[in-house]
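Contents: one structure, followed by commentary.
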Amino acid sequence: MNKSSEQNRIQREQRKTAVAAVLALILLMAAALVWHYRDRFSRDRLVTVVQTLSGSEYEGSEAFTYDSGSNQIFARCGEGLAIATGSGFELLDGDGLPVAGKITGLESPAVTTGDDRAVFYSIGSSTLYVADMDGTVSSLEADGPVISADLSDSGHLTVVCETSGYRAAVCVYDSALFLSYRWSSASAWVSDARVSPDGRRLAVLSYTAEGSEVRLFLLSRDELINTFSVSGKVLFRLHWFSGSALCCFDSSEVLFFSSSGQWTGTYGFGDLYLTDLCTDASGFVCLALSPYLSGSSGTLVTLNASGDELGTAAYDSELLSLTAYGSEVAELCSDGLTLRSSSLNEKAHTSDTAGFRRVYLRARGEALLVGPTSAEVFRF
């Protein structure tokens, strides 16, 4: 072998050795990264892109994962998800990554959410935990055991709680969690209270032995605008529309009121049972009405702020979850997921939803399908 050939052989061996060293270094770095970010690369967090009906697909991004826990409840928080259980709470961002959480006893967990904030509490306890998408968690002590709480589109937190000497107290906190308004009820039990989307009015729903009462307050003037009484009925929920009209629900009808508290209409259910409902602040509510208490089949109805029907649609299997966002409604049934317009015209459907129990709509034509230990983003 001549000198030139020997030099070429040595150079080839040197190149092989250098390449092997680089590959080893890359593998070592990759192993370190996988170990450092092992929670993000776990099998439970990986989602396979799956083609479904109507050209829909699962996003090829990280799945939302969380502990199951007892008494588990969910709520959409912006593009993310809030989860509360008997042992604590967790807030996940729009990519499914945890941003805030706490291990704490929540015997009867409840949550109310906005676009970038979630408030967790246990019904009957006086402590509320406020978690923001920036990772901040703070606590708020109510005047007594909490009955209900609501986080409005204007950023106001309204807390209904038991208090000494009264049936209940209604406390309104601003976005910085400073108390801005307080009203105490001497004669009626308060079940729900909510601030309007523009932050100007407070609606309080209460009941006595004679029936239910709706009170409207103007927050800037500490002034009672109007009181409306409904004899012989126990209303259980308030909803504000974006134009500051509002409605109240009971088991047999929906009552509609103007921003000044004037009754404007009623939508009755006839012989049907109200098995589920969802609301959208932009202008409608959606009801699931069924001839069966089980809700195994029935009719969806959307109503505008005046109580007029926008549309109807039948469903023929068990309704698991109903949600509204923007101008759309999504229904998750035992046989699949359907996306509808506010007039309930079908826009898309897929049957590939086994194992999921809840659905929440997000922006950009996406839905968040939620199961006991994980959720997945679904793109229509």
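Looking only at residues that are part of a loop (DSSP other than H, G, I, E, B) and of a type in the set (Ser, Thr, Tyr) in the range 83-113, which one is farthest from Val159 (Cα to Cα)?
Taking the candidates together, the pick is Ser87.
Table: residues versus (1) at pLDDT 95 or above; (2) in a loop (DSSP other than H, G, I, E, B); (3) out of contact with any Lys or Arg (no Cβ under 7 Å at 6 or more places or on another chain).
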| residue | (1), (2), (3) |
| --- | --- |
| Leu128 | yes, no, yes |
| Thr158 | yes, no, no |
| Cys161 | yes, no, yes |
| Ala168 | yes, no, yes |
| Val172 | yes, no, yes |
| Arg182 | yes, no, yes |
| Ser191 | no, no, yes |
| Leu205 | yes, no, yes |
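Does Gly101 count as among the small types (Gly, Ala, Ser), in contact (Cβ under 8 Å) with a residue 24 or more places away in the chain and closer than 20 Å to Leu219 by Cβ?
no
Taking Glu79 as the residue in question, decide whether it is touching a residue at least 40 places away in the same chain (Cβ under 8 Å), farther than 15 Å from Val137 by Cβ and either over 12 Å from the mean Cα position of the chain (by Cα) or surrounded by fewer than 24 Cβ atoms within 10 Å (Cβ to Cβ) (or both).
So Glu79 fits the description; yes.
Could you identify the single residue in Leu293, Leu272, Leu337 that is among the aliphatic types (A, V, I, L, M), modelled with pLDDT under 95 and farther than 21 Å from Ser196 by Cα?
Leu293
Identify the single condition in (1) in contact with a Cys (Cβ under 7 Å, 6 or more places away or on another chain); (2) more than 19 Å from Gly105 (Cβ to Cβ); (3) assigned to a strand (DSSP E or B) that Ala118 does not satisfy, given that it satisfies every other one.
For Ala118, the exception is condition (2).
Do any strands (runs of 3 or more DSSP E) lying entirely in the range 260-305 carry at least 2 residues that are surrounded by fewer than 15 Cβ atoms within 10 Å (Cβ to Cβ) and touching a residue at least 24 places away in the same chain (Cβ under 8 Å), and which ones are they?
Hits in the range 260-305: 263-268.
Scan the range 130-145 for residues that are in a loop (DSSP other than H, G, I, E, B) and either closer than 17 Å to Ser87 by Cα or modelled with pLDDT under 95 (or both) and report the count.
Adding up the residues that qualify gives 1.
With the requirement that a residue be part of a loop (DSSP other than H, G, I, E, B), closer than 16 Å to Thr312 by Cβ and without any contact (Cβ under 8 Å) to a residue 60 or more places away in the chain, what does the range 327-367 give you?
Ser343, Leu344, Asn345
Can you tell which of Thr127, Thr104, Thr112 is surrounded by fewer than 19 Cβ atoms within 10 Å (Cβ to Cβ) and out of contact with any Gly (no Cβ under 8 Å at 6 or more places or on another chain)?
Thr127
Quickly run through the range 310-326 and pick out the residues that are free of Cβ contacts under 8 Å to residues at least 24 places away in the same chain, touching a strand residue (DSSP E or B) at 6+ places or on another chain (Cβ under 7 Å) and either of a type in the set (Asp, Glu) or in a strand (DSSP E or B) (or both).
Once the filter is applied, which keeps residues that are free of Cβ contacts under 8 Å to residues at least 24 places away in the same chain, touching a strand residue (DSSP E or B) at 6+ places or on another chain (Cβ under 7 Å) and either of a type in the set (Asp, Glu) or in a strand (DSSP E or B) (or both), the range 310-326 yields only Ala314.
The values are calculated or read from the model by the stated rules, or taken from the named source; none is laboratory data. What you see is a predicted model; the values in this text were computed from it and never measured. Backbone-built Cβ (ideal geometry, glycine too); neighbour counts: all protein chains shown.
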